[in-house]
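The values are calculated or read from the model by the stated rules, or taken from the named source; none is laboratory data. None of the values given here were measured: they were computed from a predicted structure. No Cβ is skipped: glycine too gets one built from the backbone with ideal geometry, and neighbour counts run over all protein chains shown. Each accessible area value is taken on the protein alone, full model and side chains, heavy atoms only, with ligands, DNA and RNA left out. Shrake-Rupley method; radii C 1.70, N 1.55, O 1.52, S 1.80 Å.
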Amino acid sequence: MGLHGWRLASLIGAALVGGYALATAVSFFLGQLLPVGRSEATLIGHLLGFTFYAVAILWVFAVRRPGKAWLYLSVASIVFSVAGMGLRG
Amino acid sequence: MAQHTTVDDLPKGGFRQCMAWVHTWAGLSFGWLLFFMFVTGTAGYFDTEIDRWMQPELPPAPIGHNVHESASVLLNKAREEAPGAEQWLFTLPVDRNEPYAQLFWRGANTEAGASAERGERLVDLNTGETLQARETGGGQKLYQMHWLLHYTSRAYTDWIVATATLFMFVALITGVIIHRKIFKDFFTFRPRKGQRSWLDAHNVLSVTTLPFQLMITYSGLIFLGFSYMPLIVAANYGADGAGRTEFYGEVFSTPGLTEPAEKSASLIPLTTLIDQAESRWGEGRIRRIDVRHPGDANARIVVSENIDQTIASGAGRLVFDGVSGELLHNAPSASSPAKGVRDAFLGLHEGLFAPPVVRWLYFISGLLGTGMVGTGLILWAVKRRQNAERKRGSAPLGVVLVEKLNVGTVVGLPVGVAAYFWANRLLPVDLATRASWEAHAMFLTWLVMLVHAAIRPRQRAWTEQLVVAALAFSALPILNALTTDRHLVQSLTTGDWVFAGFDLTVLAIGVPLGATAWRMHRAQRKRRIAEESQPSQTQRANLSLGET
C-alpha cells in the first residue's frame with residue numbers, strides 16, 4: 001500500500017509550502033554569499049529560485065515521508081534564512 | 001481510505017515510479033490551464049500580424065521610412081494632441097514588431113487643448129493624420145491572455161499562472177527522469193494502437209521539443225518571479241513598498257530622468273540626437289524616442305535602439321538633456337551580468353528578435369508544446385478507461401470528467417479562438433465595447449463547447465467538435481473575403497503577406513482538423529458495424545479513442 005489520504009496531502013503540502021520556503025531562503029542566502037551588490041544578489045536569487053523550488057519538490061517525493069520532509073525543509077529554511085541575515089549584517 | 005477515490009496512491013515502488021506519479025498529477029492538475037496558455041501564447045508569436053488582420057482598414061504597414069521625417073511628423077502630432085504632457089513616446093515603424101508609427105502620451109493638459117489626459121494614436125506618416133480602424137483586442141489581447149488570463153484580477157493571476165508554470169517545469173523534469181530511451185523515442189511512433197499510440201505521440205512531441213519547452217517554461221517563471229517570490233526582494237531591501245520601489249529603481253529605471261523644473265524651456269530639435277544615435281547603432285535602427293517633460297527646463301529625451309540584433313529583451317538607450325542636447329547616459333539594458341542573463345531569458349521567451357524563419361520555428365514549437373499538453377491529458381484518460389473497463393466494465397466519474405474537459409478544451413478552446421476572429425468581422429464596427437465582446441465571444445464559445453462535451457456521448461463529442469473546429473477555421477478566409485476587400489486571391493497577387501499568411505495558416509489548421517474528424521467518423525462507423533456482427537468485440541473496440 002502506498003501513501004494516501006492525509007499523509008499524501010501532507011507530503012504535497014511539504015513539497016509546495018516547504019519547498020517554497022526553502023527556495024526563498026536558499027536564494028536569499030546565495031545572494032549574500034556572492035561578492036556582488038544588493039540588486040545583483042536579488043536578481044541572481046530570482047534567476048535560481050525556481051530551480052531550488054523544483055529540486056526541493058522532487059526531493060520530497062523521492063523521500064515519501066511527510067514528517068521527515070516537513071522537518072528537514074523547515075530546519076533548512078530557518079538555517080539558510082538566519083545565515084543570510086547574518087551575512088547581510 | 002475513503003477520501004482517495006480520484007487520486008491514485010503515491011506508489012511504494014522505486015524512485016522512478018514516484019516520479020511518474022508526480023509527472024502524472026502535476027501535468028493533469030493544471031493541464032487545461034497550460035493548454036490554454038500554450039494556445040494563446042503560441043498565437044502570440046504572430047501578435048502584430050493578427051493585430052493587422054483584425055484591423056483590415058489599415059493600409060499595408062509602411063516599414064522602411066525616413067527617421068527624421070517620421071520623428072518630425074510624430075512631434076507635430078504630439079504638440080497638437082497632447083500639449084503639456086509628462087511624456088510623449090514615439091514608436092517608429094522599424095519592423096514587424098512595430099508595423100505603424102505610433103504616438104503615446106500621458107499626463108497631458110486638457111485645458112491647454114489636449115484631446116485626452118492619456119492616449120495613443122497610430123499615425124499616417126505621409127499625411128500626419130490619425131489612422132482610423134475598428135476597435136479590437138487584436139493579437140495583443142489574445143497573446144496577453146496566456147499570462148493575464150481574462151476576467152481575473154492581476155493579484156491572483158500571477159500566482160495562478162506561476163503555479164501552473166511551476167507544475168509544468170516539474171512535469172518536464174520528471175518526464176525526463178521517467179524516460180528510459182530518450183533517443184529511441186525520437187523515432188518511435190506506433191499509430192492506431194490505442195494507449196500505446198498516445199504515449200508515443202506524447203513522447204515524440206515532448207522529446208523533440210524538449211529544449212524549447214524547458215526554455216519557455218523556465219523563462220516564463222522568471223517573468224513571474226518578482227510576484228511569486230517577493231520575499232527575496234523583501235529580504236534584501238525591506239518588506240515595505242518603499243524597499244520594492246528602491247529595488248525596481250536600481251535595476252530597471254532609466255538613468256538621468258528627473259522631476260520637472262516647472263520652468264519652461266524649448267525642446268531641442270530631434271535631428272541632432274537622431275544623428276548621434278544612428279552614428280552609434282547604424283541607420284534606421286532607432287525604435288523609440290521617449291520625451292519626458294517636453295517644454296520644461298528639465299526635459300529628457302531617451303532614444304532606444306531596435307531589438308532585432310540581440311536575443312536579449314532590452315537594447316541600448318541614449319539619454320539626452322532635452323534642452324541642451326547633451327548626452328547624459330549611454331545605458332545598455334544589461335546593466336550587470338545577472339540583468340543580462342535575465343534579459344536573455346525574457347528575450348528568448350518573447351522571440352521579438354526572431355526573423356521570419358525563426359518566428360515560424362517558434363510558432364511550430366508552440367504548437368508542438370500544445371500537442372504535448374493535449375496528448376498528455378488524453379493519455380491520462382485513455383489509460384485509466386482501459387484499466388477500469390478491463391476491471392469492472394465502466395469508467396469511474398473522475399475519468400469521465402477528465403474526458404469531457406479534454407474534448408471541451410483540446411478542441412473546444414481552439415473553436416473559441418476561431419470565434420474571437422469571427423467576432424472581429426461580424427460585430428458592428430461602431431459597437432463601443434466591441435473589443436470586450438470579441439473576448440466574450442471566445443469564452444462563451446468555449447463554454448458552449450464544454451457544455452456540448454458534457455451532454456454528448458464521448459466519441460460523438462470528439463467528432464462533432466472536430467467538425468465545428470474544422471469549419472470555424474477553414475471558413476475564416478471566406479468570412480474575410482466577404483467582409484473586406486483583402487481576400488486571399490487579392491493578398492496573394494499583391495504580396496500582402498500578413499493577410500495571405502493569416503488566411504493560409506487558418507486553412508492549414510482547419511483542413512487537418514477536418515481530416516481527423518472524417519477519419520474518426522469512419523472508424524466509429526466501422527466499429528458500429530463490427531458491434532452488430534460480433535457483440536463480443538464491442539468492448540475492446542470502445543476502449544480506445546486512439547485507434548481512430
Return a yes/no flag: does the range B:180-194 have any residue that is closer than 21 Å to A:Ala56 by Cα, in contact with a helix residue (DSSP H, G or I) (Cβ under 6 Å, 6 or more places away or on another chain) and open to solvent by less than 20 Å² (accessible area, probe 1.4 Å).
no
Out of (1) in the same structural domain as B:Lys141 (by TED's automatic domain parsing); (2) in a strand (DSSP E or B), the odd one out for B:Phe90 is which?
(1)
For the range A:7-16, what are the residues that are within 8 Å of chain B (Cβ to nearest Cβ) and either open to solvent by 40 Å² or more (accessible area, probe 1.4 Å) or under 18 Å from the mean Cα position of the chain (by Cα) (or both)?
A:Leu11
In the range A:54-76, residues that are within 11 Å of chain B (Cβ to nearest Cβ), part of a helix (DSSP H, G or I) and open to solvent by less than 60 Å² (accessible area, probe 1.4 Å) total 9
Among (1) under 27 Å from B:Thr463 (Cβ atoms); (2) not assigned by TED's automatic domain parsing to the domain that holds B:Trp462, where does B:Glu403 come up short?
(2)
Report, ordered by the first and then the second residue, all pairs with beta carbons closer than 7 Å, sequence separation of six or more or different chains, a first member in the range B:324-337 that is outside the structural domain of B:Pro269 (by TED's automatic domain parsing), and a second member that is of a type outside the set (Ser, Thr, Tyr) and open to solvent by 60 Å² or more (accessible area, probe 1.4 Å).
none
Name the pairs whose Cβ atoms lie under 7 Å apart, with the first residue in the range A:17-31 and farther than 14 Å from A:Val79 by Cβ and at the interface with chain B (Cβ under 8 Å from one of its Cβ atoms), the second part of a helix (DSSP H, G or I) and polar (S, T, N, Q), and 6 or more positions between them or separate chains?
A:Gly31/A:Thr42; A:Gly31/B:Asn236
Hey, among the residues in the range B:212-235 that are over 17 Å from the mean Cα position of the chain (by Cα), open to solvent by 30 Å² or more (accessible area, probe 1.4 Å) and without any contact (Cβ under 8 Å) to a residue 60 or more places away in the chain, which one's farthest from the other protein chains (Cβ to nearest Cβ)?
B:Pro230
Please verify whether B:Ala101 is touching a helix residue (DSSP H, G or I) at 6+ places or on another chain (Cβ under 8 Å) and not assigned by TED's automatic domain parsing to the domain that holds B:Arg486, treating the condition exactly as stated.
yes
Quick one: which of B:Val399, B:Val410 is closer than 20 Å to B:Ser29 by Cα, under 18 Å from the mean Cα position of the chain (by Cα), in a helix (DSSP H, G or I) and of a type in the set (Val, Ile, Thr)?
B:Val410
A careful count of residues in the range B:355-396 that are open to solvent by less than 40 Å² (accessible area, probe 1.4 Å), farther than 23 Å from B:Pro191 by Cβ and in a helix (DSSP H, G or I) gives 5
Enumerated helices (runs of 4 or more DSSP H) restricted to the range B:417-529, each holding at least 3 residues that are of a type in the set (D, E, K, R) and open to solvent by 20 Å² or more (accessible area, probe 1.4 Å):
B:458-474
Could you tell me which of the residues B:Gly256, B:Gly238 is modelled with pLDDT under 90, surrounded by 13 or more Cβ atoms within 10 Å (Cβ to Cβ), on the phi > 0 side of the Ramachandran plot and within 13 Å of chain A (Cβ to nearest Cβ)?
B:Gly238
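Filter the helices (runs of 4 or more DSSP H) completely within the range B:129-208 down to those with at least 1 residues that are modelled with pLDDT of 95 or more and within 24 Å of the chain's Cα centre (by Cα). Walk me through how you get there before you give the answer.
Numbers: elements: B:138-148, B:154-177, B:182-185, B:195-208.
Hits in the range B:129-208: B:138-148, B:154-177.
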I'm trying to understand the selection: among the residues of the range A:32-53, which are over 23 Å from B:Leu166 (Cα atoms), part of a helix (DSSP H, G or I) and open to solvent by less than 50 Å² (accessible area, probe 1.4 Å)?
A:Gln32, A:Ser39, A:Glu40
List pairs: first in the range B:191-209 and over 18 Å from B:Gly175 (Cβ atoms) and of a type in the set (D, E, K, R), second open to solvent by 40 Å² or more (accessible area, probe 1.4 Å) and part of a helix (DSSP H, G or I), Cβ under 8 Å, 6+ apart or cross-chain?
B:Arg192/B:Glu547; B:Lys193/B:Glu547
